[in-house]
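I am attaching a structure below and will ask some questions about it afterwards.
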Amino acid sequence: MHFRILIAEDEDITRKHLIHALKKEGYEVIGTCNGREALEQLEKEYFDILITDVKMPEMSGLELLEKTRERYQNIEVLIITGFGSIDAAVEAMKKGAYEYITKPFNLDELILKVKNIYERKMLKRENVAFKAFFEMNKGVSIIARSEIMKQIMSTVEAMRDSDANVLLTGENGVGKTLLAKLIHFTSRRQEMPFLSTNCATLADDLLAKELFGSEGGTDGIARTKQGLIEIADNGTLFLDEITEMSPGLQVKLLKVIEDGEFYRVNGARPVPVNVRFIASTHQNVKSLKSGAFNEDLHYRLKVMDIFIPPLREHKEDIEPLAEYFLRKHLPGSHKTISGYTEESMDILKAYSYPGNIRELENIIERAVILEKETLITPESLPRSIRMFQIETFQPEGIKTIDEVTKEYAEKVLELVNGDKLKAARLLGVSELSIYRLLKED
C-alpha cells in the first residue's frame, strides 16, 4: 500500500519498534528523533500520518502539531503521551490531533488506530477518484450490452432526482458496490459523502460504534466519536451484507430511517441526520429464517429493489467488461496489449464465473501481468477456465452452479493451505459465507 507515516519519537527503542511494526503492516515509515527533524522531513516529502510523542527535546510534540496543522492540512496527527499526562492529550485534541494513545501502549491498539485513519483517508481518496472517473466516463453504461443490464442502468438513470432507499440483491461479485456508487454519483447527493461498511466483518458492538459513533472515554475524558451515519449526513451510506446485521442493530437502523435521528453509543441526546441508505445482500431474503431480517426494515430499504443477475446469465457483457478491465489494468503494466485473440475471448465467454464480475477482473489483471505478446493469449488465462470449456460440454460431466461454486471455493482454500479467513478475502466474501459454501450436502 502507498501510505506514508512519519514518526517523531526521541526514545530509540520505542521508535524502532514502531517502525518495525508499521512496516510489517505494509506502510512506508520514516522515523525522526525530535520535532525539528520531523518538520524538516515534512518540508521535503508528503506523509499521510504523523505519529509524535508529546515530550521531546528541541521541539515538543504539541509545537510540532501546531506547525503541522498550520502548513499541512491533509496530514492526520496521532499523539503519544505518557500515562498521567492526560492534560497534554486533551490539549492536543483541541489543537487538531486526530487521536492519541498513552504510554505504555499496546502495539496492536496503535496499529488499529492507524488502520482506522488509513481507511478514512482511503475512503476520501476513493470518493474523489470515483467522481473524476464518472465525469470522464458519462457513458459507463456502454459496458452493459445485455438487455437486462441496460434495464438496470435505465433504472439508475430514472432515480437521479430521487432520495429513495435502495436494496441491491445478487450473488457475491456481481457488482453491487459499483452500482451503489453509480446510484450515488448520479444523484443530487453526488457532492456529499459516499460511505460504506460491510456488516459481516465486524462484531455487533464494534459495528454499533462504527455506525452510530460513541460518547465517553476510558480515561475520564469526555470524547465524542462520530459514526458513519453522522459523517454521511446529507450523503449516502452503503450497507453491504445487511442481512448479517444483528436483529437489535436492525431495529436501531430502522429508527434512524423512520425518525431521521439516532443516539450515539452511550449518548443521551438524539442526533438529527438526513442520510440515503443503499443496502445489499447476496442472500435470498425470502428464504431467510423468520426474524433474521427485520420485515419493516426490509420494506423501508426496498423502496427501489434491484436484482443484479450473475454474470453467467448475461454473457453478452463478458466481452465489453473484459475490454474495460484490460484498459483499467494496462497503464501500470508498461505493456502494449491491444486486445484478445479470438481463442482467448471464446474461453472467457465459455466460463461460468462463480465469482462473477470480480472474478473476471482478477483473471484479466493476472493475464495482463503474464502476457508477453500484444494480444491476450490462452496461455495467460488460468488453466482452470481453459479446462472448463472441455468439462462443461461432456453431458455426463455437467455440474450444477452450486457444485462448481463449491469446487472453486475448495480450490482456493487448498491454495491458501486451509486458511478460511484468507480464502474469504480472496473470494470477496465473509468468513461465514466460506463455511456456507463448503458445507456438506
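Relative to 2.2 N^0.38 Å, what does the C-alpha radius of gyration of the chain come to as a ratio? Two decimals please.
Here the Cα radius of gyration is 1.11 times the empirical estimate.
Then there's this: Which whole number of Å³ per residue matches the convex hull of the alpha-carbon atoms in region 311-386?
That works out to 75 Å³ per residue.
Once you have the Kirkwood Rh of region 137-309 from its Cα pairs, apply Stokes-Einstein at 20 °C and 1.002 mPa s and quote D in µm²/s.
Using the Kirkwood radius from Cα pairs, D works out to 127 µm²/s.
Then there's this: If each Cα of region 399-441 is one equal point scatterer, what is log10 of I(q)/I(0) from the Debye formula at q = 0.14, 0.31 Å⁻¹?
Scattering profile of region 399-441, log10 relative to I(0): -0.26, -1.15.
Then there is this: For the pairs Lys252/Lys289; Lys209/Lys289; Lys16/Lys113; Lys328/Lys420, flag any whose C-alpha to C-alpha distance is greater than 23 Å.
Over 23 Å Cα-Cα: Lys209/Lys289; Lys328/Lys420.
Which residue, chosen from Leu62, Leu348, Thr336, occupies the Cα position most advanced towards the positive end of the dipole of the chain, where the dipole is computed from +1 (Lys, Arg) and -1 (Asp, Glu) charges on Cβ about the Cα centre?
Leu62
Name the most mobile residue of Gly418, Gly175, Gly61, meaning the one with the largest mean-square fluctuation, in a Gaussian network model of the chain with Cα contacts below 10 Å.
Answer for the Gaussian network model of the chain: Gly418.
OK, next. Percent relative contact order of region 4-120, based on C-alpha pairs within less than 8 angstrom and at least six residues apart?
For region 4-120, the relative contact order is 22 percent.
Right, another one. Taking Cα pairs under 8 Å and at least six residues apart, what relative contact order does region 311-386 come out at, in percent?
39 percent
Additional query: Among 339-346, 231-238, 49-56, how do they line up from the highest to the lowest mean number of other beta-carbon atoms within 10 Å?
Per-residue mean Cβ counts within 10 Å order the peptides as 49-56, 231-238, 339-346.
Here's something else I'd like to know. Counting pairs of alpha carbon atoms under 8 Å apart in space and at least six apart in sequence, what relative contact order in percent does the chain give?
Once normalised by length, the contact order is 11 percent.
Moving on. Looking at the square roots a ≥ b ≥ c of the eigenvalues of the Cα gyration tensor of region 5-106, which shape do they give, rounded for a/c under 1.5, prolate if a/b is larger than b/c, or oblate?
Here region 5-106 falls in the rounded category.
Let me ask another. Would you tally the net charge around His314, using a Cβ to Cβ cut-off of less than 9 Å, leaving His314 out, and scoring K and R as +1, D and E as -1?
Here the count lands on -1.
So, in Å, what gap is there between the alpha-carbon centers of region 196-265 and region 279-311?
So the separation of the two Cα centres works out to 20 Å.
Read the figures in this text as sums done on the coordinates, not as results from a lab. Source: prediction; values computed, not measured. Heads up, the Cβs are rebuilt from the backbone with ideal geometry, glycines too, and the neighbour counts pull from every protein chain shown.
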